[in-house]
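> Below is one structure. I have some questions about it.
The values are calculated or read from the model by the stated rules, or taken from the named source; none is laboratory data. Quick caveat, the model's predicted, so the values are computed rather than measured. Here the Cβ positions follow ideal geometry from the backbone for every residue, glycine too, while neighbour counts run over all protein chains shown. The area values use the complete protein model at the heavy-atom level, side chains included, leaving out ligands, DNA and RNA. Shrake-Rupley method; radii C 1.70, N 1.55, O 1.52, S 1.80 Å.
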Amino acid sequence: GLSQLEILGIPCSVPLFWGHGDFGPHGWGEILATEWVGQSQSLRDLLVTRPEVSGSLDLSPLFADLARMHAAGLYHGMLSARNILVKNALKKPVFVFIDLARFHRFPWDIRGTRMALSDLMVLCQRLLPRFPEEKVPLWLSAYGVPDSGRMDLLIRLKRFRSTAFLRKVWVTEFNLRI
């Protein structure tokens, strides 16, 4: 997944190698090594340690990159502030995707589908507690949601709760669509 983002020019940690195998008492697993992303911290850690940045941090470029990702058929599947790094947070922030553990690649543009909506809703739901609500329409605009749909989506977001069960249902549904 990260190599696909790299090809698209979307900021991401550059994969170095990937492997899988039996890790003895820990069972079967996968490992991915990526290049170090210097002068960065996770978006979550930034918001926890410096809550005042939520007033000035513009997440529009992050949502524009998410739209480009979805337009290329890439579904993240576990988008959260933990797996997005922020480089140069106080100057000109760059948002870097670092983890695509539940990534799927579809041969078509997934914007407007339930897959894209799930990524969008989960990310917004996890950011809403730390940002003023009036920022959300700006994020949705950067993603490409038309004016007519932004308020409806904001209303849905206020009621939305991402649960483990819901994510399992989505994964099953999306795997069946491939």
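> Excluding ligands, DNA and RNA, what is the solvent-accessible area per residue of the stretch 101-166 at a probe of 1.4 Å, expressed in Å²?
56 Å²
> Quick check: from the Cα gyration tensor, does the stretch 105-175 come out rounded (a/c under 1.5), prolate or oblate?
oblate
> If I model a spin label at THR172 and GLN39 as a point 7 Å from the Cα along the Cα→Cβ vector, what separation in nanometres do I get?
In this crude spin-label approximation the distance works out to 4.8 nm.
> Rounded to the nearest 20 debye, what is the charge dipole size of the stretch 34-178 about its Cα centre when +1 sits on each Lys and Arg Cβ and -1 on each Asp and Glu Cβ?
Dipole of the stretch 34-178, to the nearest 20 debye: 340 debye.
> Of all alpha-carbon pairs in the chain, indicate the percentage at a distance above 19 angstrom.
The answer is 60 percent, as a whole percent.
> Kirkwood Rh over alpha-carbon pairs of the stretch 1-101, then Stokes-Einstein at 10 °C and 1.306 mPa s: what D in µm² s⁻¹, rounded to an integer?
Answer, rounded: 108 µm²/s.
> Report Rg (one decimal) and Dmax (nearest whole number) for the stretch 62-149, counting Cα atoms only, units Å.
Over the stretch 62-149's Cα set, Rg and Dmax evaluate to 12.8, 37 Å.
> Report, in whole Å, the centroid distance computed from the Cα atoms of the stretch 39-58 and the stretch 116-166.
Each part reduced to its Cα centre gives a spacing of 19 Å.
> Another one. Give the cross-link partners of LYS92 among the lysines, using a straight C-alpha distance below 19 Å as the criterion and excluding same-chain residues fewer than 8 apart.
Correct list for LYS92: LYS135.
> Then there's this: Please identify which residues in the stretch 42-60 have an amide N closer than 14 Å to a label point set 7 Å out from the Cα of GLN125, following the Cα→Cβ vector.
Under cut-off, by backbone N: nothing.
> 7 Å from Cα along Cα→Cβ at both ARG114 and ASN88: what's the point-to-point distance in nm?
Result: 4.1 nm between the two label points.
> So, one more: If a/c stays under 1.5 just call it rounded; otherwise compare a/b with b/c (prolate if a/b is bigger, oblate if not). Do that for the stretch 1-52, with a ≥ b ≥ c from the square roots of the Cα gyration tensor eigenvalues.
Here the stretch 1-52 falls in the oblate category.
> Near the amide H of ASP109, under 5 Å away, which other amide H atoms are found, from residues 5 or more places off or on another chain, if H is placed in the peptide plane?
HN-HN under 5 Å from ASP109: empty list.
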